[in-house]
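Working notes for the structure below.
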Amino acid sequence: MKKSILVITDSLGLPRAGEVHIKNTWIELLKDKVDFKIYDICKYGLDSNELLELMPTIRECYDIEKIVLQIGIVDCYPRALTRNELKVISRIPFVSSFLKFIIQKNREQILNLRNIQYTALEQFKSNLIDFKGSLDVEILSIPILHGTKSYNLKSKLIQTNICSYNSVLSDIFLENFLSSIFNDVGDKIEYYSDDGYHLSELGNKKVAEIIFDHI
């Protein structure tokens, strides 16, 4: 049987209007480089809780030898409000607008005070252990990207959280945690989109070249 792999990623592997065409995402570029089948599951906002929901589908519907997993920024990014708070507040337009103004004006103080992530560190660890243990295939884990200096100025917690969650990925996936994969990307702005985090077309090309060497 011909070799096949599955790539699972959040928005880092997806196109961005006006910046990255689908054919220039690292996943599509990777497909062009290989002579075997690459499946992909890509979802904007994918976190490790949703990753667990994919396990039955992966087990039953994919004949694969390897998974390339890129996940974590949605889990660890510092938030001013929990998901449940957002759901409630979004139903009350006046309150929603007022809170948005307050949060924007006092963003750093609120983030530091509340120190909220969509997925707590221990839950993130538990999710990834469960995911790895449920599948009898090799999993290559891509680190959470650090982004540019301007991106990290949004909150002092960003780098702290990214480092902590990357440490969890490293502990779980060991030698299959591709720790140096973004070394050449660093915080060079030419490799990033305008938001300072997602990859530009040049960044996608660079990542595709690096991942190719590991699969």
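The values are calculated or read from the model by the stated rules, or taken from the named source; none is laboratory data. Predicted model, so just to flag it, every value in this text is computed and none were measured. The area values use the complete protein model at the heavy-atom level, side chains included, leaving out ligands, DNA and RNA. Shrake-Rupley method; radii C 1.70, N 1.55, O 1.52, S 1.80 Å.
Counting only protein heavy atoms, what percent of the accessible surface of the range 23-81 is carbon or sulfur at a 1.4 Å probe?
Carbon plus sulfur share of accessible area: 45 percent.
If you count only protein heavy atoms and use a 1.4 Å probe, how large is the accessible surface of residue 214, to the nearest 10 Å²?
80 Å²
If you build the convex hull over the alpha carbons only and average its shadow over all orientations, what do you get for the range 175-215? Give it in nm² to one decimal.
2.9 nm²
Take 192, 118 and sort them by solvent-accessible surface of the protein heavy atoms, 1.4 Å probe, largest at the top.
118, 192
I'd like the carbon and sulfur percentage of the solvent accessible area for the range 110-149, probe radius 1.4 Å, heavy atoms only, ligands and nucleic acids excluded.
50 percent
On average over all directions, what projected area in square nanometres does the range 130-215 have, based on the convex hull of its Cα atoms?
The number I arrive at for the range 130-215 is 6.1 nm².
Can you give the alpha-carbon Rg of the chain over 2.2 N^0.38 Å, where N counts its residues?
That ratio works out to 1.06.
Okay, helix-only estimate at 222 nm for the chain: each DSSP H run of n ≥ 4 adds -39500 (n - 2.57), divide by all residues, round to 500 deg cm²/dmol; what do you get?
-13500 deg cm²/dmol
Measuring with a 1.4 Å probe in the full set of protein chains, what accessible area per residue, in whole Å², belongs to the chain?
Per residue, the chain has an accessible area of 52 Å².
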